[in-house]
1. Report ³J(HN,Hα) in whole Hz for each residue of the range 14-19, in order, from the Karplus equation J = 6.51 cos²θ - 1.76 cosθ + 1.60 where θ = phi - 60°; Gly and Pro get x.
2. Mind ordering 10-17, 37-44, 50-57 by average Cβ neighbours within 10 Å, highest first?
3. Give me a comma-separated list of calculated 3J(HN,Hα) values for the range 28-36, in order, Karplus coefficients 6.51, -1.76, 1.60 applied at θ = phi - 60°, integers in Hz, x for any Gly or Pro.
Amino acid sequence: MNSYRVSFYKDLLNSDGHGFKCLQSQIDVESDSPSQAVVLAERLVDNERLNADCIEVVHLSGHDELEHLPNQTFAPCKHTWSRAS
């Protein structure tokens, strides 16, 4: 099992009309893969209520590679990605 930090973001516009990601919720989970971490975190956080536009998955054990997860797997999010810390 690996430790992952799953963050849920909403895409918003500031007063100047520039877009930014607003953190809605964040949870640390133990799972075998980033994909499984997202599924578990969505159950625990109630992503349907949040309606997150972006989900970020960070592997907490110290790897330095960037992993992009397919967005069609994690509807209703527009994009989902994973960053190893």
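Values in this text are rule-based calculations from the coordinates and carry no lab data. Nothing here was measured: the structure is a model prediction, and the numbers come from that model. Ideal geometry is used to build each Cβ from the backbone, glycine not excepted, and the neighbour counts take in all protein chains shown.
1. My calculation for the range 14-19 gives 7, 5, 8, x, 8, x Hz in order.
2. Ranking, from highest mean packing down: 50-57, 37-44, 10-17.
3. Result, ordered by residue: 9, 9, 10, 7, 7, 8, x, 4, 5 Hz.
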